[in-house]
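Have a look at the structure below before the remarks.
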Number of protein chains: 2
Amino acid sequence: MIERTGQRTLKFGKKPVLLSHAAAVGKKEGDGPLGAQFDYVTEDDRMGEKSWELAESRLQKTAIEMALKKGALQKNDLDFILAGDLLNQCIGSFLASVDSNVPYLGQYGACSTMAQGLALGACLVEGGAARRLVASASSHFCSAERQYRFPLAYGGQRTPTAQWTATAAGAAVLGCKGSGSLRVTHALFGKMVELGVKDANNMGAAMAPAAYDTLKTLLDDLDAAPRDFDCIVTGDLGHVGADILLTLFRQDGIDLSPVYSDCGSLLFGDEQDAHAGGSGCGCSAAVLCGPLLRDMQSGKIKRLVFAGTGAMMSPTSVQQGQPIAGICHAVVIERSEA
Amino acid sequence: MIERTGQRTLKFGKKPVLLSHAAAVGKKEGDGPLGAQFDYVTEDDRMGEKSWELAESRLQKTAIEMALKKGALQKNDLDFILAGDLLNQCIGSFLASVDSNVPYLGQYGACSTMAQGLALGACLVEGGAARRLVASASSHFCSAERQYRFPLAYGGQRTPTAQWTATAAGAAVLGCKGSGSLRVTHALFGKMVELGVKDANNMGAAMAPAAYDTLKTLLDDLDAAPRDFDCIVTGDLGHVGADILLTLFRQDGIDLSPVYSDCGSLLFGDEQDAHAGGSGCGCSAAVLCGPLLRDMQSGKIKRLVFAGTGAMMSPTSVQQGQPIAGICHAVVIERSEA
């Protein structure tokens with residue numbers, strides 16, 4: 001049964017088990033500082049497909065299939081697939097799972113989609129709706145550039161606050177039973193927070209206030225300090241948004257920095273020309289399902305807050321002068337000693 | 001607690017209560033045969049807004065606010081908003097709830113979004129994750145035409161199998177407690193079914209096999225015949241898809257027709273030039289939250305299967321030659337005598 005703790009935090013009594021996970025990334029992401037910790041790095045970002053959109057779906061499919069394989073599971077062991085991406089009508093996810101023969105629930109939380117799927121998945125497993133399910137998300141630099149910005153061949157210049165959409169996908173399998181040592185203990189679904197940011201090249205600024213709202217509420221609800229966790233990670237505020245988040249906490253007299261990281265800041269090295277860092281649904285999905293959960297399995301991280309952040313907007317809404325709202329969903333994952 | 005019955009049907013022991021509901025529609029929908037049974041009919045489809053996208057979000061916001069008002073509820077009584085629409089990055093729903101200050105979970109199930117949100121909402125309420133939540137969905141003829149087909153001013157001709165995207169929105173509030181007589185008893189999340197249909201002007205044919213898969217599984221799981229329900233309604237196969245669904249059941253020796261309707265077929269009259277009938281997330285949302293739930297409250301319908309159908313595709317996926325997959329999520333709603 002799910003209990004509510006404090007204002008808005010959900011506490012899972014049975015603690016859904018993270019049965020397995022996998023991350024698949026593009027060449028640039030594989031060349032980055034986390035490269036060795038992904039399960040799959042493609043040599044060719046087209047993945048042998050005819051379009052970037054199909055390449056993205058192939059990447060997400062790869063992550064799901066590898067997660068299942070690592071957990072010695074088949075597709076028919078799954079009760080649901082919770083998946084999403086940034087493409088119009090979420091076609092990256094639909095095409096990745098169209099032949100899965102598994103009930104499918106499309107999720108849209110912009111770049112917070114992985115956290116949304118994981119939090120929702122934990123609720124479904126805990127409540128008895130599913131015995132096992134997968135949460136997955138993806139993004140692809142080339143499909144995102146075409147849709148949100150300019151055709152690649154145009155060679156557009158990027159502003160320093162702009163983030164680089166990651167070519168990446170992650171998938172995590174949750175179950176009600178299993179011998180895994182990683183368990184989801186809490187979740188918090190975020191509100192949209194909108195403070196007037198209208199610059200689509202500065203998503204970090206648009207998302208940071210939502211991350212602050214969610215993380216502050218979570219810490220308050222759990223009566224916890226940042227140091228009660230080994231790692232609090234947002235995904236993906238990038239360098240600009242991460243700085244704003246730290247500043248917002250500092251105003252409350254709270255120093256998040258000793259345990260804080262951001263998936264967008266971690267993904268690319270300084271020399272990789274990714275400006276403010278990585279972004280896209282696949283960025284936080286792959287950093288979680290690759291390095292972070294590996295570090296939990298090895299015992300380096302014992303208590304993790306994964307706070308997925310998203311920017312609610314579209315090229316149409318931005319062109320029409322509408323503000324960009326941030327959203328942030330958080331999941332607490334703990335490692336129990338066997 | 002949620003139990004699994006048969007293959008895939010979820011059974012709700014505590015049966016989440018449908019606390020209130022409202023439907024808001026455009027002028028053409030108000031002129032149709034169901035016009036008098038919607039809570040709000042606009043005289044101006046622009047809703048006083050500067051763009052069709054903002055008009056759609058205003059329509060969804062209207063439906064949510066009216067549902068809350070009818071239930072004597074405030075926004076801060078809600079733990080979650082589960083919402084979705086057809087616009088790129090689901091901006092109709094994000095803009096409708098950006099100032100709500102309520103945790104927000106974006107859903108994408110194409111035209112099945114209302115059923116997906118309602119089924120998921122029932123799981124969240126039953127499992128203890130939410131005390132009260134709203135599920136909502138919208139579509140707008142003008143924002144959809146611009147995005148999916150042609151600019152309105154082009155005056156494009158429509159094929160006879162094409163459906164007419166409804167200007168409509170619906171919202172339903174679910175709660176764990178309450179004096180309401182309408183309760184969600186079962187839900188079934190659907191698989192994507194794809195049989196090679198690539199014609200974006202014949203969505204009914206693309207969606208009917210998924211509706212068949214979901215409804216056949218539901219009837220089998222509940223060991224029920226169509227006559228065990230007062231109404232089995234799909235939303236929205238339109239005339240073409242509804243005929244295919246009846247034919248598929250007839251091949252199993254099952255006659256669905258005595259209790260079967262389709263929201264897309266019900267919404268517009270024959271003289272309204274809507275070709276194969278209505279479609280869009282708002283069509284089934286408004287027909288459910290307007291006439292169908294009113295008929296349940298009055299006792300005309302006591303046991304309803306609401307089976308939302310969606311076509312997974314985008315203009316990009318269709319242009320790239322990808323097939324259109326159907327999906328169908330079902331919810332069973334019962335009226336208990338006071």
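Distance between the C-alpha centers of region A:294-328 and region B:308-338? Whole Å please. Region A:294-328 and region B:308-338 have Cα centres separated by 27 Å. Rolling a 1.4 Å probe over the protein heavy atoms gives region B:2-58 an accessible area of 43 Å² per residue.
Under 5 Å from the amide H of A:M312 lie the amide H atoms of A:A325, A:G326, A:I327, each residue being 5 or more positions distant or on a separate chain, with H modelled from the backbone and absent for Pro and chain starts. Within chain A, the selection of entire DSSP H helices by a Cα span of 15 Å or greater along the long axis and an average Kyte-Doolittle value of at least 1.0 returns A:113-127. Identify which of B:Q320, B:Q74, B:Q297 has the largest mean-square fluctuation in a Gaussian network model of chain B, with springs joining Cα atoms closer than 10 Å. The residue that fluctuates most here is B:Q320. Once the 1.4 Å probe is applied to the protein heavy atoms, region B:63-217 comes out at 29 Å² accessible per residue.
Working note: 222 nm ellipticity from helices only, DSSP H runs with n ≥ 4, each -39,500 (n - 2.57), summed and divided by the residues of chain A, gives -9500 deg cm²/dmol to the nearest 500. Legend: translational diffusion of region B:81-197 by Stokes-Einstein, Rh = Kirkwood radius over C-alpha pairs, 37 °C, 0.692 mPa s; D = 205 µm²/s. Just the Cα atoms of chain B, one point each, no solvent: what log10 I(q)/I(0) does Debye give at q = 0.13 Å⁻¹? Results for chain B at q = 0.13 Å⁻¹ read -0.88. For region B:1-26, a decrease in accessible area of 30 Å² or greater in the assembled protein chains relative to the isolated chain, with a 1.4 Å probe, applies to B:M1, B:I2, B:R4. Of the residues B:D223, A:D99, B:D79, A:D39, the one with the largest accessible area comes first in the ranking B:D223, A:D99, A:D39, B:D79, computed with a 1.4 Å probe on protein heavy atoms.
Solvent-accessible area assigned to carbon and sulfur over region B:116-230 amounts to 49 percent, based on a 1.4 Å probe. When a/c reaches 1.5 or more, the comparison of a/b and b/c decides; with that in mind, is region A:165-238 rounded, prolate or oblate per its Cα gyration tensor? Because a/c hits 1.5 or more and a/b fails to exceed b/c, region A:165-238 counts as oblate. Restriction of the GluC sites (Glu not before Pro) in region A:230-338 to DSSP coil positions whose beta-carbon has at most 14 other beta-carbons within 10 angstrom yields A:E337.
Pairing chain A with chain B buries about 4600 Å² of accessible area. This figure sums both sides and uses a 1.4 Å probe. With the alpha-carbon atoms of region A:283-328 aligned to their principal axes, the span from lowest to highest coordinate is 48, 16, 7 Å, starting with the largest. Sorted largest first, the principal axis extents computed over the alpha-carbon atoms of region A:205-244 equal 27, 19, 13 Å. Which residues in region B:265-283 have a backbone N closer than 14 Å to a point placed 7 Å from the Cα of B:D199 along the Cα-to-Cβ line? Those under the cut-off are B:276.
Region A:183-338 gives an Rg/Rh value of 0.97, both radii derived from C-alpha positions and Rh following Kirkwood. Report the FRET efficiency, 1/(1 + (r/R0)^6), for A:Q320 and A:K216, where r is their Cβ-Cβ distance and R0 is 22 Å, rounded to 0.05. Once rounded, the FRET efficiency stands at 0.10. Our summary of shape: the Cα atoms of region A:1-71 have principal axis extents of 48, 27, 27 Å, ordered from largest down, in whole angstrom. Spin-label pair B:E337-A:D228: with each label point 7 Å from Cα along the Cα-Cβ axis, the two points sit 5.2 nm from one another. Think of the protein assembly as shown as a dipole: +1 on every Lys or Arg Cβ, -1 on every Asp or Glu Cβ, centred on the Cα centre; then among A:S100, B:S139, A:G280, A:S100 lies furthest on the positive end.
Shown here for region A:150-244: trypsin sites (Lys or Arg not before Pro) in loop regions (DSSP other than H, G, I, E, B) with at most 12 other Cβ atoms within 10 Å, namely A:K177. Can you pull the accessible area of B:D199 for me, 1.4 Å probe, Å² to the nearest 10? The accessible area comes out at roughly 70 Å². Legend: Rg and Dmax of region B:105-262, from Cα coordinates, 17.4, 51 Å. For region A:266-305, the equivalent ellipsoid derived from the Cα gyration tensor has semi-axes of 23, 11, 8 Å, listed largest first. Taking 22 Å as the limit for the C-alpha separation, the pairs A:K14/B:K11; A:K28/A:K302; B:K191/B:K300; A:K15/A:K302 exceed it in the case of A:K28/A:K302; B:K191/B:K300. Where a ≥ b ≥ c are the square roots of the eigenvalues of the C-alpha gyration tensor, would you call region A:1-134 rounded, which needs a/c under 1.5, or, failing that, prolate if a/b is larger than b/c, or oblate? Cα axes put region A:1-134 in the prolate bin.
Restriction of the trypsin sites (Lys or Arg not before Pro) in region A:272-332 to DSSP coil positions whose beta-carbon has at most 13 other beta-carbons within 10 angstrom yields A:K300. Separation of region B:188-216 and region A:85-113 by C-alpha centroid, Å? Cα centroid of region B:188-216 versus Cα centroid of region A:85-113: 16 Å apart.
When the Cα convex hull of region B:261-338 is projected onto planes of every orientation, the mean area is 6.4 nm².
Only protein heavy atoms count here; on that basis, with a 1.4 Å probe, A:C231 has an accessible area of about 10 Å².
Only protein atoms count toward the accessible area here, which uses a 1.4 Å probe; on region B:238-338, the carbon and sulfur part of that area reaches 46 percent. Using a Gaussian network model of chain A in which every pair of alpha carbons under 10 angstrom is joined by a spring, one finds that among A:E53, A:E29, A:E43 the greatest mean-square fluctuation is at A:E43.
Surface composition of region B:53-92: carbon plus sulfur atoms contribute 46% of the solvent-accessible area (1.4 Å probe, protein chains only, all chains present).
Extension gain, A:K69-A:D44: 0.36 nm per intervening residue step, less the Cα-Cα distance, totals 6.7 nm. The accessible-area loss of region A:79-114 on complex formation, taken against its chain alone with a 1.4 Å probe, reaches 40 Å² or more at A:N88, A:Q89, A:I91, A:F94, A:V98, A:N101, A:P103, A:Y104, A:L105, A:G106, A:Y108. For region A:130-215, the gyration tensor built on C-alpha atoms gives an oblate shape. Its axis ratio a/c (a ≥ b ≥ c) is at least 1.5, and a/b is not larger than b/c.
Computed with the Debye formula from one identical point scatterer per Cα of the protein assembly as shown, without solvent, the log10 of I(q)/I(0) at q = 0.05, 0.09, 0.10 Å⁻¹ comes to -0.20, -0.66, -0.83.
Only protein heavy atoms count here; under a 1.4 Å probe, A:T217 has an accessible surface of about 10 Å².
The values are calculated or read from the model by the stated rules, or taken from the named source; none is laboratory data. As the structure is a computational prediction, the values presented were derived from the model and not from experiment. A quick note on method: Cβ atoms are made from the backbone with ideal geometry, for glycine too, and the neighbour counts reach across all protein chains shown. In case anyone asks, the SASA skips ligands and DNA or RNA and just uses the protein heavy atoms, side chains included. Shrake-Rupley method; radii C 1.70, N 1.55, O 1.52, S 1.80 Å.
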